[in-house]
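The values are calculated or read from the model by the stated rules, or taken from the named source; none is laboratory data. Only a predicted model underlies this, so the values are computations on that prediction, with no experimental measurement involved. FYI the Cβ positions are ideal-geometry reconstructions off the backbone, even for glycines, and counts take in every protein chain you see.
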Amino acid sequence: MMRTVLLFLLLLFSPFLLPAQCEFAVDEVDPFDSTRLVMSRPMSFGNLIPSRFETADGPKIIDEAKMVFSHSESDQDSINSFFLTIVAPEYEYRPIESGKNVMLAFADSTVVALYNFPDRGTFNTDTNMRMYQHTCIVPLDVFYRMTLSEVIMIRIRYDNKKRTIPLSKAQRKALKLAVQCVGEAVGFMPNKP
């Protein structure tokens, strides 16, 4: 009887005892300058949108945006940072200047602005649209917030336009898991803020 109860309890709590199933697109050290890069697999988020690439059945349907979470560190220089990289297609030319142009809305009703690097976009022939890359530096306090609270929306502020991208429940969980996995791989997890 006692064995049955223990077996039942072990099976019940086994998902909580196992480490997270983390898959990375990159986890390597550059042999020339000892820079380590750990990057999550690319994740689609937002909704599906029509592109400007026409097929026989109408416009090609694409993801509203894709995202990766990464960490880079080096013993040669002062790089030791988390990065959130978002690639978003746009119908019009919308250059991005450096500044706090990417905002994260959390489930706990807080909003955090992230500093991103400038980008002029590149034309993608698969979609006939410009693809913009928003590479944002994620401060340590925001990293820990991302491991504890889900990001529910992302806003990108262009010069003349604001674009808000909502995340579904599955996308919220996937982003939170990716942040936790990268943090665990580089020694910032479990949470010790």
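Things worth noting here:
Let's see how each residue does on (1) more than 18 Å from A170 (Cβ to Cβ); (2) crowded, with 18+ Cβ neighbours inside 10 Å; (3) at pLDDT below 85; (4) polar (S, T, N, Q):
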residue	(1), (2), (3), (4)
C22	no, no, yes, no
P31	yes, no, yes, no
R41	no, no, no, no
G58	yes, no, no, no
I62	yes, yes, no, no
S74	yes, no, yes, yes
P89	yes, yes, no, no
R94	yes, yes, no, no
S98	yes, no, no, yes
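- The listed residue being touching a Pro at 6+ places or on another chain (Cβ under 7 Å) and under 27 Å from R36 (Cα atoms), out of Y115, Y144, Y132: Y144
- Counted residues, the range 55-88 - those being assigned to a strand (DSSP E or B), in contact (Cβ under 8 Å) with a residue 12 or more places away in the chain and of a type outside the set (G, A, S): 17
- Residue satisfying condition, being among the polar types (S, T, N, Q) and within 16 Å of V68 (Cβ to Cβ), within set S81, S149, S109: S81
- Number of the condition not met by S51 [criteria: (1) closer than 24 Å to L175 by Cα; (2) at pLDDT 90 or above]: (1)
- Scanning the range 75-101 for residues that are hydroxyl-bearing (S, T, Y) and closer than 19 Å to F143 by Cα turns up S78, S81, T85.
- Within the range 111-193, strands (runs of 3 or more DSSP E) holding 2 or more residues that are surrounded by 18 or more Cβ atoms within 10 Å (Cβ to Cβ) and under 13 Å from the mean Cα position of the chain (by Cα): 129-138, 151-157
- Lone qualifier among E184, E150 - being in contact with a helix residue (DSSP H, G or I) (Cβ under 6 Å, 6 or more places away or on another chain), among the acidic types (D, E) and farther than 17 Å from V87 by Cβ: E150
Residue-by-condition table, conditions (1) more than 16 Å from S70 (Cα to Cα); (2) in contact with a strand residue (DSSP E or B) (Cβ under 7 Å, 6 or more places away or on another chain):
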| site | (1), (2) |
| --- | --- |
| C136 | no, yes |
| Y144 | no, no |
| I154 | yes, yes |
| L175 | no, yes |
| G187 | no, no |
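- Every pair of residues 6+ apart whose Cβ atoms lie under 7 Å, when the first sits in the range 124-144 and is closer than 29 Å to G58 by Cβ and touching a residue at least 60 places away in the same chain (Cβ under 8 Å) while the second is aromatic (F, W, Y) and surrounded by 15 or more Cβ atoms within 10 Å (Cβ to Cβ): D126/F53; T127/F53; N128/F53
- T135 vs. criteria at pLDDT 90 or above and either under 28 Å from V186 (Cα atoms) or basic (K, R) (or both): yes
- Note on the range 150-184: residues that are out of contact with any Gly (no Cβ under 9 Å at 6 or more places or on another chain) and modelled with pLDDT of 90 or more total 24.
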